[in-house]
Amino acid sequence: MSGEDTTTDLDAVVVGAGFGGIYMLHKLRNELGLTVRAFDWAGGIGGTWYWNRYPGAKSDTESFVYRYSFDKELLAEWDWATRYLDQPGILAYLEHVVQRYDLARDIQLNTGVESAVFDEARNIWRIGTDAGETFTARYLVTALGLLSRTNLPDIPGRDSFAGDLLHTGAWPQDLDITGKRVGVIGTGSTGTQFICAAAPQVQHLAVFQRSAQYSVPSGNGPVSPADVASAKEDFDRTWEQVRSSVVAFGFAESDVPAMSVSAEERRRVFQENWDIGNGFRFMFGTFCDIATDPEANAAAADFIRSKIAEIVEDPETARALTPTDLYAKRPLCNEGYYESYNRDNVSLVDIKANPITEITPSGVRTADGVEHELDVLVFATGFDAVDGGYTRMDLRGRGGVHINEHWSDGPTSYLGVSTAGFPNMFMILGPNGPFTNLPPSIETQVDWIGGLIEDAERAGAVTIEPTTEAEVAWTRTCQEIADMTLFPKAESWIFGANIPGKTNTVMFYMAGLGAYRQKLSEVAGEGYAGFFRHSRDLAEQP
Ligand code: FAD
Ligand code: NAP
């Protein structure tokens, strides 16, 4: 502490203590030797994996690549027993990482960062917390999470519900749903995971579905110690492949167009991947153009629709569960999703045909007049994704410009890590970063931001920030790449379509991790092209 009691001068402040914030703290403090403090308003570290404790919460990236790769010893010492890690397993892993690198002493929990304002007179950030403290720092790194700000739709009567009403992204540690009458609104990745896990546990589960979903099996199951040992031996090759691939999920993307093979061969490939399991593998490992070519997309969608018809016994339920739109949202995979609807204690309420009219003290009333009586009502309604963590902060850059003003046409960035007018501020998973398995993208960004800060420190730069031109060009690039895909044509959080009133805009770089890493390396090789720095009183274009 220095100066006034409430002011601490740090080299850097990191906001968020999930995968991103944890590694950034390690990078800046342990590797670059800066004084750093990370803040999180959670009561523990872990980010996503602290908050999302709903039954069934797990990753759909396979265990061997849902982790950090920056330290071979860390890779070698952490085992896994199932193909996918569940929430307690991932949280335990992140807690181990925090302990291993002695990070906890510089993580301040139960503390929200409410404001971050750039002081142009002193070229520093002034950070204010919800505990009323203020801190000054030269660098601000925002690791706020892209799926962190929950979306709780304002359905009439919501606050009158007398039972437990909760969002999956803020699941209470002690809630037990065993034997209860449970309702769930939402059938995205979260809702479908919850449905599979809750169905065998509850007395009755009412699923309120707005959009039917394409889901494939995850293929989850035990992994033997021998398989883990051989995966560990292969880590060098694995991570090289991950870093140069498109979606970074640890499998090779297909390079075969779907329509280049016979209908019979297509079905064989789809069936093979259905049997292996994994959503990203089904979308990107079967054929190379499912996400780009409407005909290829329709073939994949048809295959999944045929599976729904085979699996779901009640024809009316099967019809309501069958999507008719493009297969172009984030791909889902589950352990027996469609099979859940064959259980006597699970009912599907198609709220597109029969909308929710109100939430009452005892349940949910639909337009047909039925009141679905519930003890627990679960909102699996997703997140105000990507920029949602930013727009709720009082975040101001040069000239006092608020981030909401800067992003009034939708969130933008240069390279997903920085934005013009916000000097010395770096974002992890900011807008227009890569659309991938996220830990390898997070590591890529942390390593690169670390390199940029190291370079700025060496050069004695006071500030470093991107030019508006560089940001505009990057946004255009992301838009052009996205327009080559079918994703913008499906309504989902990926383009901001899930939040009423939110600007629908490109929010990801969709050319893959390999291309993204190459771009970052070129920019660094050109002396951080697109950034400019101020060294004392001099403005310098590197
Ligand atoms: P987060 O883990 O979201 O951490 C951000 C932290 O910042 C949070 O703890 C939040 O409390 C804190 N924070 C935000 N604003 C403030 C503030 N103003 N002040 C203080 N603290 C703040 N990705 C995959 O690649 N594969 C998967 O299989 C996968 N599964 C997922 C399953 C679920 C249920 C969810 C919700 C997401 C999943 N994701 C998955 C995405 C997942 O979010 C990322 O993989 C990764 O965990 C993100 O790490 P992060 O550190 O960037 O953000
Ligand atoms: P989501 O994909 O946005 O799904 C939200 C669901 O809620 C959708 O079914 C949506 O219906 C519904 N919904 C939203 N507002 C509604 C309203 N007002 N009334 C009725 N229904 C409403 O959110 P998510 O399922 O939490 O997943 C978000 C992302 O988190 C995923 O895409 C993934 O990246 C990550 N995640 C991953 C996993 C995993 O398997 N590893 C698990 C959970 C989350 P519409 O479709 O009609 O909008």
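The values are calculated or read from the model by the stated rules, or taken from the named source; none is laboratory data. Quantities reported herein were computed from a predicted structural model and do not represent experimental measurements. Here the Cβ is made from the backbone with ideal geometry for all residues, glycine too, and neighbour counts use every protein chain on show. Side chains are part of the model used for accessible areas, which takes the heavy atoms of the whole protein and leaves out ligands, DNA and RNA. Shrake-Rupley method; radii C 1.70, N 1.55, O 1.52, S 1.80 Å.
Brief remarks on what is shown
- If you filter the stretch 408-438 down to residues that are open to solvent by 10 Å² or more (accessible area, probe 1.4 Å) and either hydroxyl-bearing (Ser, Thr, Tyr) or without any contact (Cβ under 8 Å) to a residue 24 or more places away in the chain (or both), you find that the one that is farthest from Thr61 (Cα to Cα) is Ser408.
- In the stretch 167-178, the residues that are over 14 Å from Ala197 (Cα atoms) and at pLDDT 95 or above form Cβ pairs under 6 Å with partners that are assigned to a loop (DSSP other than H, G, I, E, B) and within 16 Å of ligand 2 (Cβ to nearest atom), at six or more places apart or across chains, as follows: His167/Leu152; Gly169/Asn52; Trp171/Arg53; Trp171/Tyr54.
- Criterion violated by Gly530 - all others in (1) modelled with pLDDT under 95; (2) open to solvent by less than 50 Å² (accessible area, probe 1.4 Å) satisfied: (1)
- Some residue of the stretch 449-471 being closer than 19 Å to Gly21 by Cβ and within 16 Å of ligand 2 (Cβ to nearest atom): no
- Residue that is surrounded by the most Cβ atoms within 10 Å (Cβ to Cβ), among those in the stretch 119-133 that are of a type outside the set (A, V, I, L, M) and either under 15 Å from Asp40 (Cα atoms) or without any contact (Cβ under 8 Å) to a residue 24 or more places away in the chain (or both): Thr129
- Look at (1) over 16 Å from Thr463 (Cβ atoms); (2) surrounded by fewer than 23 Cβ atoms within 10 Å (Cβ to Cβ); (3) away from ligand 2 (no atom under 16 Å from the Cβ) and you find that Gly399 fails only one, number (1).
- Test: Asn110 is away from ligand 1 (no atom under 13 Å from the Cβ), open to solvent by 20 Å² or more (accessible area, probe 1.4 Å) and farther than 26 Å from Ala353 by Cβ: no
- Screening Thr485 on (1) open to solvent by 20 Å² or more (accessible area, probe 1.4 Å); (2) at negative phi shows it passes everything except condition (1).
- Every residue from the stretch 99-116 that is in a loop (DSSP other than H, G, I, E, B) and in contact with a helix residue (DSSP H, G or I) (Cβ under 9 Å, 6 or more places away or on another chain): Tyr101, Asp102, Leu103
- Any hit, the stretch 474-486, residues being within 21 Å of Ala143 (Cβ to Cβ), not in a loop (DSSP other than H, G, I, E, B) and not small (Gly, Ala, Ser): yes
- Which listed residue is away from ligand 1 (no atom under 11 Å from the Cβ), more than 30 Å from Asp71 (Cα to Cα), in contact (Cβ under 8 Å) with a residue 40 or more places away in the chain and of a type in the set (D, E, K, R), from Asp375, Asp455, Asp368: Asp375
- Residues satisfying the stated conditions in the stretch 357-390, i.e. over 23 Å from Asn345 (Cβ atoms), within 12 Å of ligand 2 (Cβ to nearest atom) and touching a helix residue (DSSP H, G or I) at 6+ places or on another chain (Cβ under 6 Å): Gly382, Ala385
- One residue from Pro200, Pro172 being within 16 Å of ligand 1 (Cβ to nearest atom) and open to solvent by 40 Å² or more (accessible area, probe 1.4 Å): Pro172
- Candidates are the residues of the stretch 460-475 that are of a type in the set (Gly, Ala, Ser) and over 13 Å from Gly530 (Cα atoms); the one that is surrounded by the fewest Cβ atoms within 10 Å (Cβ to Cβ) is Gly460.
- Filtered residues of the stretch 488-507 (kept if more than 15 Å from the chain's Cα centre (by Cα), crowded, with 19+ Cβ neighbours inside 10 Å and in a helix (DSSP H, G or I)): Pro488
- Criterion (away from ligand 1 (no atom under 16 Å from the Cβ), within 29 Å of Trp51 (Cα to Cα) and buried (at least 18 other Cβ atoms within 10 Å of the Cβ)) met by exactly one of Ile308, Ile359: Ile359
- Some residue of the stretch 311-327 being aromatic (Phe, Trp, Tyr) and farther than 30 Å from Asp255 by Cβ: no
- Among the numbered conditions (1) touching a strand residue (DSSP E or B) at 6+ places or on another chain (Cβ under 8 Å); (2) small (Gly, Ala, Ser); (3) away from ligand 1 (no atom under 16 Å from the Cβ), the only one that Gly179 does not meet is (1).
- Subset of the stretch 209-233 [in contact (Cβ under 8 Å) with a residue 12 or more places away in the chain and away from ligand 2 (no atom under 12 Å from the Cβ)]: Pro217, Gly219, Gly221, Pro222, Val223, Pro225, Val228, Ala231, Lys232
- Whichever residue in the stretch 163-208 is assigned to a strand (DSSP E or B) and near ligand 2 (Cβ under 7 Å from one of its atoms) and, among such residues, is farthest from Ala42 (Cα to Cα): Phe208
- Summed over the stretch 137-169, the residues that are polar (S, T, N, Q) and more than 11 Å from ligand 1 (Cβ to nearest atom) give a count of 2.
- Residue identified as among the aliphatic types (A, V, I, L, M), crowded, with 18+ Cβ neighbours inside 10 Å, touching an Asp or Glu at 6+ places or on another chain (Cβ under 6 Å) and within 18 Å of Phe270 (Cβ to Cβ) among Ala301, Ala296: Ala296
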